[in-house]
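Throughout, read-outs are computed from the coordinates displayed, never taken from laboratory work. Computed from a predicted structure; not experimentally measured. Ideal geometry is used to build each Cβ from the backbone, glycine not excepted, and the neighbour counts take in all protein chains shown.
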Amino acid sequence: MISDGMADALRTLRSGDARHLAQECARALDATGVAISLLVGDTKMVEPVWCFPEVSVRFEELQFTLGEGPGHDASRSRTPVVVPELSAVRPERWPALVPAARELGELSVSCFPLGIGAIRTGVLTVLCTPPRRLSPQQYADAAALASALTAVLLNGNHRGDGNGSVDDASALFLDQTRELRRAVVHQATGMISVQLAVPLSEALVRLRAFTFAAGRALTDVAEDVVARRLRFDDDESGPVSPDGGKG
């Protein structure tokens, strides 16, 4: 049984007015933040497209940049991943994410996969601070939200109840994903794939590894690659800038 607050949020989604859905869902879940990431591209990259508020944006950016975390695990396993206290996770589970996330403060993270069976579309992430395990009601509400969002994503090309409600809601939600925030990363991955003559999946790993070592944002490094300020050449010197400086 979902709460009245989540029922109101889901009615907003069905009505086709999803502009403030993230805020409404965070309020209904009594959560610090919520985020949705979709699986995109040949590499099935988990890409954030819908985040509220800033702490969710920053956490999803970390997962996206580092390529690890509860969102990635939930997507791969197709089952929810609940982390009552992120800072207490054993370091080897997410060796890059856990220390990097400390600057965001103490958090609990719960990730719910979006999809049906073998079909995977994305991940719903719920953040809470101070860290705590989701109550049974919060868990039921988050699971209901994940199911509703999955339906919107998968039914976007089908008619709803005759009044266009499903199509309208899908259009409003998916409008935010048509121009993906991280399109430059996909471009850079393709360029690195050509430069190194490696598959896209390996090119993305190379890009992420360099980004992590340089302590930069993934999108910033990707922009340098696309602008040809940085090249990935398969030699011992690693990525270099065309002007002669190291990347």
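The modelled label-to-label distance between Ser135 and Ile119, using points 7 Å beyond Cα along the C-beta direction, is 3.4 nm. Each residue, Asp8 and Val194, gets one label point 7 Å from its Cα in the Cβ direction; the gap between the two is 5.2 nm.
Taking the centroid of alpha carbons for each part, segment 191-232 and segment 116-159 are 31 Å apart.
Rounded to the nearest 0.05, the FRET efficiency derived from the C-beta distance between Asp30 and Asp233 at R0 = 41 Å is 0.20. Packing here is the average count of other Cβ atoms within 10 Å per residue, and on that basis the peptides 105-117, 23-35, highest first, run 23-35, 105-117.
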